[in-house]
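I have placed the structure first, in the form of C-alpha cells, so that the comments after it can refer back to it.
The values are calculated or read from the model by the stated rules, or taken from the named source; none is laboratory data. Every value quoted in this text rests on a predicted model; they were computed, and no experiment measured them. Backbone-built Cβ (ideal geometry, glycine too); neighbour counts: all protein chains shown.
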Amino acid sequence: LQRYSQENLAENTKPFKEQEAWEEHQMGKAALKYGSENKNQISDNYQFVFEDQIDFIDPSVIDGDKFDDQEMVSEKKTSKSASEILQDERKTLPIYPYRDELLRAVENHQVLVIIGETGSGKTTQVPQYLHEAGYTKRGKVGCTQPRRVAAMSVAVRVSQEMGVKLGREVGYSIRFEDCTSEKTVVEYMTDGMLLRNIISEPNLTSYSVIMVDEAHERTMSTDILLGLLKDLIKYRSDIKVLISSATLDAEKLSNYFDFAPIFKIPGGRYPVEVHYTKVPESEYIDAAIVTVLQIHVTQAPGNILVFLTGQEEIETTKEILNHRIRGLGGKIPELIICPIYANLPTELQTKIFEPTPKRARKVVLATNIAETSLTIDGKKYVVDPGFVKVKSYNPSTGMESLLISPISKASANQRAGRSGRTGPGKCFSLGIDDLVNFDFIDPPAAESLIKALELLFALGALNKFGELTKVGRRMAEFPLDPMLSKMIVASDKYRCSDEIITIAAMLSVGNSIFYRPKEKQVHADNARMNFHSGNVGDHIALLMVYNSWRECDYSKQWCYDNYVQVRSMKRARDIRDQLERLLKRVEIEIASNVNDLNAIKKAITSGFFPHSARLKKDGSYLTIKHPQTARIHPSSGLAQVLPHPRWVVYNELVLTTKGYMRQVTELKPEWLVEIAPHYYQLKDVEDPTSKKIPQGQGFFTSLSQELLQFVIEHVEDKNLF
Ligand code: CDP
Ligand code: MG
C-alpha cells in the first residue's frame with residue numbers, strides 16, 4: 001500500500017497512474033500483503049479485506065515472486081523469525097490448550113459440532129491439527145466457508161503458518177478459481193464449490209475430513225451441504241464431518257446430526273462489552289454520530305470502528321461528523337475520520353493504515369463487507385447501528401431488492417433461514433430428485449421452491465415429472481444462475497456461442513466494468529456511449545467493449561482511454577476462458593456470429609424470456625409475467641433513448657427507491673412466442689394499440705399439469721393453493 005501510495009502521490013498529475021494504482025490495490029496485492037503478513041506495519045492492526053478485491057489475488061505475488069531481488073533478500077532474512085513468531089502466535093489462541101482433547105473427540109466420533117468465539121482459532125487451527133495428527137495421509141482436509149474472501153484469506157494465513165507456498169500443501173478453490181495442486185492436503189473452499197465437487201465425486205473420496213465452517217450463517221449452499229453430508233456418512237464410515245458454528249445454533253445442528261456431540265472451546269481472545277441503546281434508534285446515523293462523539297470525549301484512547309450500510313451513508317456520516325467537530329471549535333482532541341468502502345480511491349484508503357498521531361483518535365467508517373474479515377487488536381470501540389443493506393428476494397414478485405434492514409437476533413435468524421433459497425436448481429444435479437422432501441435443516445419456503453421449480457421448468461431444465469432434462473444437465477455444468485446457463489446452452493442453436501459466453505462473462509463481473517471518476521464524468525459517459533451506437537442495448541454493448549479490448553490485444557492503455565476498469569476486464573477474460581472450456585465439455589461448438597445481432601438477441605431471450613417488460617404510456621415498463629412497474633436503470637445505454645423501445649428483456653430487476661431494470665436489450669415481441677410458446681401466448685404480446693395491457697398469468701400457469709400435481713402432492717403448505 002505504501003509503495004503504491006507513494007507512486008501515486010508523486011505522479012498524481014498523471015490520471016492513468018491514479019487509476020492504475022487504484023486498480024492494483026483493488027487487485028488485492030497490497031491489501032493482502034500488508035493485511036496478513038506485515039501486520040505490524042499497520043499501526044492499528046486493522047485488517048481490511050474486500051470481497052471484490054480479494055477475487056483478484058495473484059498467489060505468486062503473495063509469495064513474493066514478483067518483487068525485485070532486493071526485496072527478496074530482505075524477505076528471506078526475516079522469514080525464519082517471522083515463521084517462529086507465527087508458531088508462537090498459534091500457541092496463544094484459545095483453542096490451543098484443547099488441541100489434544102479435540103483430536104481425541106474427532107477420533108471417537110464421526111460427526112462433531114465445534115463452537116467457540118470468533119478468533120478462537122477454529123478456522124485456521126483445526127485443519128492444521130488434523131494434518132499434524134495424520135488425517136491428511138488418508139485424504140484431504142476440506143474446510144468450507146460461506147464467503148469467497150474468507151476461503152482465500154484464511155488459506156493465505158494458514159499457508160504462512162505452515163510455511164508453505166500458497167496453492168501447494170495449502171490451497172483454496174472458489175468459483176472460477178482453483179488455487180490447489182496435487183500436493184494440496186488442506187483445502188479451503190466455498191461451500192458452493194464443495195457442492196460442485198460432489199457432482200463429480202459423489203462420495204468425496206479424496207477427502208478424509210470435511211469441516212463445514214461458519215455453519216450458523218446458514219447459506220443455501222451450507223444447508224444443502226449439511227443434508228448431503230448427513231446422507232454421505234452412512235456410506236463412508238471413514239470420513240469425519242466437523243461442523244463449526246456460533247453458539248446459538250449448535251444444538252439444532254447437533255440434533256440434526258442425530259445428537260452429535262458438541263465440543264466447546266471456552267473463552268474468547270478479547271473481552272467485549274456490549275452496550276445497547278435502550279430503544280431502537282430509527283435515526284441510526286445520527287445515533288451513531290452521537291455515540292462516536294461520546295466515545296471520543298469520554299473514553300480512553302483507542303480507535304473507533306463504525307459499521308454503516310454503504311458508500312453514500314459513509315460519506316454523509318463523514319460530513320456530519322466533520323461539521324459537528326468544527327462546531328466544537330478545537331475544544332476536543334483531533335478525530336481523524338477514515339471512510340472505507342470498495343470504490344474509495346487509493347490515497348484515501350491508505351489513510352487507515354497511517355499511524356494515529358498522539359492524542360488523536362481515528363474513527364473508521366466501514367461497510368459491513370468488512371465484518372468478518374476484520375481483526376482489531378487491542379482496545380477498540382465498535383459502533384454498530386445494526387442495519388445492513390440486504391439483497392432480498394421476494395418470491396411472489398420475483399424481484400430482488402436492495403433494502404436497508406435492521407438486524408436483530410430474531411430477524412437475523414429468520415433471514416438466515418429464509419433468504420437465499422432461490423436457486424435450488426443445482427440440487428437436481430446432485431442426485432436429489434425429491435427436492436421437496438430433501439432433509440433440509442430448515443426447509444425453504446414452499447413459495448420459493450415452487451418459484452424455482454417453475455423457472456427451471458420454463459427454461460426446459462426440468463421435464464413435467466420434475467426430472468432433469470438433457471438441457472438441464474448441460475446447464476448444470478455451468479457455475480452460473482439458471483437463466484445465464486440457459487442462454488449459453490441456447491446459443492448453440494443460434495450459432496453464436498462465442499459472443500454469448502463473452503456476454504455471460506461480462507454480466508458475471510457485475511456492474512463494475514466502467515470507471516467514472518468524479519471530475520471526468522462527462523468524458524467517461526461519452527466513452528461509455530460509444531459502445532452503444534445504434535442503440536444496440538446493454539448486452540451487445542458489453543460484447544462490443546470486450547471485443548474492442550480483445551482487438552487491442554487486451555491492452556491496459558485501451559482501458560484507460562475508454563474509462564473501462566482493467567481488473568474487471570481481466571476477470572471477464574478469466575471467466576470467459578473457463579466458460580469456453582465448459583462449452584467443450586457439454587459439446588457445444590464455439591461459433592461466432594457477430595454480425596447477426598438478432599441471433600445474439602434471440603439467444604439472450606432464450607435464457608431471459610421470463611424477464612421481459614413492455615413499455616407503458618407513461619414511459620415506465622410493466623414486467624410481463626409477474627406484473628411490476630419498473631424503469632430502465634439510469635446506467636443503461638437505453639435510458640436516454642427516446643422513445644423507449646416497446647419491448648425489452650433485462651438481466652436483473654432491483655428495487656431501490658423504485659423498481660429498476662439493469663442491463664436492458666430491446667427485443668421483438670414475436671420472439672417470445674417463438675422461443676417460449678409454453679410461457680407466452682400471442683395475447684401476451686398483442687399490439688399495444690389494443691388498450692389492454694397484458695397481465696401476467698398468475699402464479700402457477702406455466703407449470704405443466706403433471707408438475708403441478710407433483711408439487712401439490714409434496715408441498716406441505718397447502719394454503720398456497
Ligand atoms: O475461526 P475462528 O474465528 O475461531 O478463528 P480463526 O479465524 O482461526 O482466527 C484465529 C486467529 O488467527 C485470529 O485471532 C487472527 O489473529 C489470526 N488470523 C489472521 O491473522 N489472518 C486471517 N486471515 C485469519 C486469522
Ligand atoms: Mg472462523
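So, in the stretch 219-260, of the ones that are among the β-branched types (Val, Ile, Thr) and over 26 Å from the mean Cα position of the chain (by Cα), which residue ends up nearest to ligand 1 (Cβ to nearest atom)? Within the stretch 219-260, the match that is nearest to ligand 1 (Cβ to nearest atom) is ILE239.
Among the residues in the stretch 211-218, are any farther than 19 Å from VAL126 by Cα, at pLDDT below 85, away from ligand 1 (no atom under 16 Å from the Cβ) and not β-branched (Val, Ile, Thr)? For the stretch 211-218, residues farther than 19 Å from VAL126 by Cα, at pLDDT below 85, away from ligand 1 (no atom under 16 Å from the Cβ) and not β-branched (Val, Ile, Thr): present. With a requirement of 3 or more residues that are under 20 Å from GLU589 (Cβ atoms) and small (Gly, Ala, Ser), the helices (runs of 4 or more DSSP H) lying completely within the stretch 441-516 that satisfy it span 482-491, 497-509. Exactly one residue among LEU93, LEU112 is in contact with a strand residue (DSSP E or B) (Cβ under 7 Å, 6 or more places away or on another chain), within 16 Å of ligand 1 (Cβ to nearest atom) and in contact (Cβ under 8 Å) with a residue 60 or more places away in the chain, and that residue is LEU112. Listed by position, the strands (runs of 3 or more DSSP E) contained in the stretch 613-721 that have at least 1 residues being modelled with pLDDT under 85 are 647-655.
Residues satisfying the criterion are present in the stretch 39-50 (criterion: surrounded by fewer than 13 Cβ atoms within 10 Å (Cβ to Cβ), modelled with pLDDT under 50 and either more than 30 Å from MET569 (Cβ to Cβ) or more than 33 Å from the chain's Cα centre (by Cα) (or both)). Of all residues in the stretch 129-146, those satisfying the criterion of being within 13 Å of ligand 1 (Cβ to nearest atom), modelled with pLDDT of 95 or more and within 22 Å of the chain's Cα centre (by Cα) are CYS143, THR144. Considering each residue of the stretch 61-69 in turn, at least one proves to be loosely packed, with under 11 Cβ neighbours inside 10 Å, modelled with pLDDT under 90, away from ligand 2 (no atom under 16 Å from the Cβ) and not in a helix (DSSP H, G or I).
When HIS532, HIS523 are checked against the criterion of being in a loop (DSSP other than H, G, I, E, B) and at pLDDT 90 or above, a single residue qualifies: HIS532. One residue stands out among those in the stretch 261-286 that are within 16 Å of ligand 1 (Cβ to nearest atom) and part of a loop (DSSP other than H, G, I, E, B): the one that is modelled with the highest pLDDT, which is PRO266. Quick check: is even one residue across the stretch 121-129 farther than 22 Å from THR205 by Cβ, surrounded by fewer than 21 Cβ atoms within 10 Å (Cβ to Cβ) and out of contact with any helix residue (DSSP H, G or I) (no Cβ under 8 Å at 6 or more places or on another chain)? Looking for residues that are farther than 22 Å from THR205 by Cβ, surrounded by fewer than 21 Cβ atoms within 10 Å (Cβ to Cβ) and out of contact with any helix residue (DSSP H, G or I) (no Cβ under 8 Å at 6 or more places or on another chain), one finds none in the stretch 121-129, hence no. The residues listed here are GLU117, GLU101, GLU84; of these, the one that is loosely packed, with under 13 Cβ neighbours inside 10 Å, out of contact with any strand residue (DSSP E or B) (no Cβ under 6 Å at 6 or more places or on another chain) and either under 30 Å from LEU229 (Cα atoms) or at pLDDT 95 or above (or both) is GLU101.
The set of residues in the stretch 155-166 that are within 15 Å of ligand 2 (Cβ to nearest atom) and crowded, with 23+ Cβ neighbours inside 10 Å comprises ALA155, VAL156, VAL158.
Search the stretch 287-339 for residues being under 22 Å from LYS358 (Cα atoms) and part of a strand (DSSP E or B), and hand back the single one that is modelled with the lowest pLDDT. Ranking the qualifying residues of the stretch 287-339, first place goes to LEU305.
In the stretch 501-535, what count of residues is obtained for those that are within 29 Å of the chain's Cα centre (by Cα) and farther than 18 Å from MET569 by Cβ? I'd like the intermediate steps shown before the answer.
Filtering the stretch 501-535 for residues within 29 Å of the chain's Cα centre (by Cα) gives 501-518, 521, 524-525, 527-529, 531-532.
From what is left, the residues that are farther than 18 Å from MET569 by Cβ are 518, 521, 525, 529.
So the count comes out to 4.
Across the stretch 516-544, the number of residues qualifying as at negative phi and surrounded by fewer than 22 Cβ atoms within 10 Å (Cβ to Cβ) comes to 19.
For PRO146, indicate whether it is crowded, with 22+ Cβ neighbours inside 10 Å and either of a type outside the set (S, T, N, Q) or under 27 Å from PRO443 (Cβ atoms) (or both).
Spelling it out, PRO146 is indeed crowded, with 22+ Cβ neighbours inside 10 Å and either of a type outside the set (S, T, N, Q) or under 27 Å from PRO443 (Cβ atoms) (or both).
Scanning the stretch 215-237 for residues that are more than 16 Å from ligand 2 (Cβ to nearest atom), more than 25 Å from MET475 (Cα to Cα), among the small types (Gly, Ala, Ser) and part of a strand (DSSP E or B) turns up nothing.
One residue alone among VAL156, VAL126, VAL106, VAL149 is assigned to a helix (DSSP H, G or I), within 13 Å of ligand 1 (Cβ to nearest atom), farther than 23 Å from ILE85 by Cβ and touching a residue at least 60 places away in the same chain (Cβ under 8 Å), and that residue is VAL149. The sole residue among LEU166, LEU194 that is in contact (Cβ under 8 Å) with a residue 24 or more places away in the chain, of a type outside the set (D, E, K, R) and under 28 Å from MET475 (Cα atoms) is LEU194.
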